[in-house]
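Take a look at the structure set out below.
The values are calculated or read from the model by the stated rules, or taken from the named source; none is laboratory data. The shown structure was predicted, so the numbers you read here are calculated from the model rather than taken from an experiment. We place every Cβ from the backbone using ideal geometry, glycine too, and count neighbours over all the protein chains shown. With ligands, DNA and RNA removed, areas are computed over all heavy atoms of the protein, side chains included. Shrake-Rupley method; radii C 1.70, N 1.55, O 1.52, S 1.80 Å.
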Amino acid sequence: MMKKAVAIIPARGGSKRIPKKNIRPFFGKPMIQYSIDAALRSELFERVIVSADTDEIRKIAEQLGAESPFDRPAKLADDFTPLADVVYHSLEWLRDSQHQFYNYACCILATAPFIRAEDLKRGYEVLKNSGVSSVVPVTSFPYPIFRALQVDKN
């Protein structure tokens, strides 16, 4: 039996390089739709929540089948806020205002158009069966090295 899980998709409106990137069309769909669709299709989550700081993002997320039940505070919507703080805020909101607790929380980036439900399911299986506390997807790529991890023999 699956334990309770929630998907949290952080989507703030203040991108500097690509304004409104979370909801801009990408191959005919708002960018965030790919993440929402994968989360919903995976059937892993009791709730798919978008943590947003604008009404526009919240409205689009809800039209796409996700929930966006609260306003993300401005202090958590700047260029320097860690994702962990956004996820923690969402979990606190669920606990304090909804009295809901989850065994698993999955943070899915709003700008992940290649994410698939199968990837989420595989990550859940690794998490559930290997005794680790978290799972992060990785792939090989030629550049840029600024977001790279080095894999050693362990």
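Here are some notes:
- Spin-label model, Asn129/Phe114: points 7 Å from Cα along the beta carbon direction are separated by 2.5 nm.
- Within the assembled protein chains, the solvent-accessible surface assigned to Val135 is about 70 Å², based on a 1.4 Å probe.
- Segment 99-154 and segment 69-85: distance between their alpha carbon centers, rounded to Å: 21 Å
- Charge dipole of segment 1-95 about the Cα centre (unit charges at C-beta), most positive-ward option of Ala39, Leu91, Pro25: Pro25
- Net length gained if the chain between Asp55 and Arg41 were fully extended (0.36 nm per residue, minus Cα distance): 2.5 nm
- Helix-only mean residue ellipticity at 222 nm for the chain, each DSSP H run of n ≥ 4 adding -39500 (n - 2.57), per residue, nearest 500: -10500 deg cm²/dmol
- When Leu83, Leu120, Leu91 are compared by accessible surface with a 1.4 Å probe, the order from highest to lowest is Leu83, Leu91, Leu120.
- Ile49 long-range amide H proximity, modeled H, under 5 Å: Ala7, Ile8, Ile9, Glu67
- Distance from segment 42-62 to segment 1-36 (C-alpha centre basis), Å: 8 Å
- Placing R0 at 35 angstrom, the Cβ-Cβ distance between Val138 and Arg95 gives a FRET efficiency of 0.70 after rounding to 0.05.
- Taking 19 Å as the straight-line reach from the Cα of Lys121, the lysines in range (excluding those fewer than 8 positions away in the same chain) are Lys3, Lys4.
- Estimated FRET transfer efficiency when R0 is 30 angstrom, pair Lys20-Asp152 (beta carbons, to 0.05): 0.15
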